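Presented below is the structure to which this report refers.
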Amino acid sequence: MSRAPRIVLVATSHPGNIGAAARAMKTMGLSELHLVAPAQFPDPQATAMAAGADDILEQACVHADLPAALAGCHWVAGLSARPRALSGPDLDARRAAETLARQGDAAHAALVFGRERTGLTNEELDLCHVRVNIPANPAYGSLNLAAAVQVMAYEWRMASAASSPDPAALDAPDALASAGAVESFHEHLEEVLAEIGFLDRGNPRQLMRRMRRLLHRARPEAEELNILRGILSAVQGGRTRRSGGAADRDV
Ligand code: SAH
């Protein structure tokens with residue numbers, strides 16, 4: 001089996017759903033639960049709904065925001081009940097699980113689930129490599145949060161039992177850039193693109209979203225990302241020199 005993904009629940013309002021999600025995870029052999037700013041946790045309703053999966057609740061990590069919950073992850077999938085135009089490549093639950101199962105042991109993946117009422121924000125989906133939908137009744141397609149976790153956990157279990165990791169898919173998974181490193185790169189890129197006048201700060205979204213899609217598809221290694229960061233720094237250094245800034249005076 002491939003390494004089990006971590007389950008990330010964002011801003012869950014009902015503690016019972018956290019418990020039910022923990023139960024869903026344990027039935028399928030998942031154990032790593034991360035909670036982003038839950039409304040109430042720990043809570044007796046969570047423990048009651050976990051029904052014997054309370055060990056997962058006890059080990060759950062609570063984070064202030066989504067980037068913190070994704071630390072150390074190399075592949076991040078955002079679960080969304082709604083199709084959205086430009087938020088990234090879409091996969092259905094089964095194809096996402098197959099992609100996960102091929103990743104091998106060293107690559108760490110996260111499945112991110114949104115709020116009961118409003119799901120994930122566009123900014124949160126921007127942090128995900130892919131957006132995943134569980135195909136459902138188009139007229140009533142929004143599953144209960146724990147039910148969505150159950151479907152994904154089941155698909156992961158079936159897909160990883162069926163496939164062995166593809167060594168060609170990830171020759172050196174340890175070398176892959178982490179989600180945090182990719183995020184810092186995007187911040188740096190946005191800064192430089194604004195400095196050179198390529199990015200309109202008033203309307204940065206579509207450009208930066210496209211760049212995110214490109215990078216998420218490319219799955220750069222840490223070293224490659226360092227080169228890109230170096231290029232950005234060189235652009236900034238060059239500009240400082242041309243404008244007679246500090247870099248010039250230092251030489
Ligand atoms: N009303 C919200 C749905 C929230 S359901 C919305 O329209 O986005 C809570 C979470 O369960 C969602 O954020 C998503 O992560 C997951 N979920 C529910 N139904 C889903 C579906 N059909 N496909 C993928 N994820 C789903």
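Before moving on, here are some points about what is shown:
- Solvent-accessible surface of the range 6-169, averaged per residue with a 1.4 angstrom probe and all protein chains in place: 44 square angstrom.
- Rel. contact order, % - alpha carbon contacts under 8 angstrom, at least six apart, the range 177-250: 38
- Mean separation of Cα contacts under 8 Å, 6 or more apart, over the residue count of the range 53-158: relative contact order %: 38
- When the Cα atoms of the chain are aligned to their principal axes, the ranges along those axes come out at 67, 39, 37 Å in descending order.
- Backbone HN-Hα couplings from phi across the range 132-138 [Karplus 6.51/-1.76/1.60, Hz, Gly and Pro as x]: 10, 10, 8, x, 9, 4, x
- Carbon + sulfur, % of accessible area of the chain - ligands and nucleic acids excluded, 1.4 Å: 53
- Base-10 log of normalised Debye intensity for the range 177-250 (one unit scatterer per alpha-carbon) at q = 0.18, 0.25 Å⁻¹: -0.76, -1.14
- Cα→Cβ-extended label distance, 7 Å offset, between Met208 and Ala222, nm: 2.6
- Note on exposure: Met28, Met152 ranked by accessible area (1.4 Å probe, complete protein assembly) read Met28, Met152, with the most exposed listed first.
- Beta bridge orientation in the chain: antiparallel %, DSSP, nearest 5: 10
- Electrostatic dipole magnitude of the range 1-109 [Cβ: Lys, Arg +1; Asp, Glu -1; Cα centre; debye, to 20]: 360
- Among Cys73, Cys61, Cys128, the residue with the largest mean-square fluctuation in a Gaussian network model of the chain, with springs joining Cα atoms closer than 10 Å, is Cys61.
- Solvent exposure, largest accessible area first (probe 1.4 Å, DNA, RNA and ligands not counted), of Met49, Met211: Met49, Met211
- Placing a pseudo-label 7 Å from each Cα along the Cα-to-Cβ vector at His188 and Ala139 gives an inter-label distance of 5.3 nm.
- Expressed per residue, the C-alpha convex hull volume of the range 89-138 stands at 95 Å³.
- Scoring 13-24, 131-142 by mean Cβ neighbours within 10 Å over their residues and listing the highest first yields 13-24, 131-142.
- Taking every protein chain into account, the accessible area of the range 177-250 amounts to 61 square angstrom per residue (probe 1.4 Å).
The values are calculated or read from the model by the stated rules, or taken from the named source; none is laboratory data. Remember, it's a predicted structure, so these values are computed and weren't measured experimentally. Here the Cβ is made from the backbone with ideal geometry for all residues, glycine too, and neighbour counts use every protein chain on show. Each accessible area value is taken on the protein alone, full model and side chains, heavy atoms only, with ligands, DNA and RNA left out. Shrake-Rupley method; radii C 1.70, N 1.55, O 1.52, S 1.80 Å.
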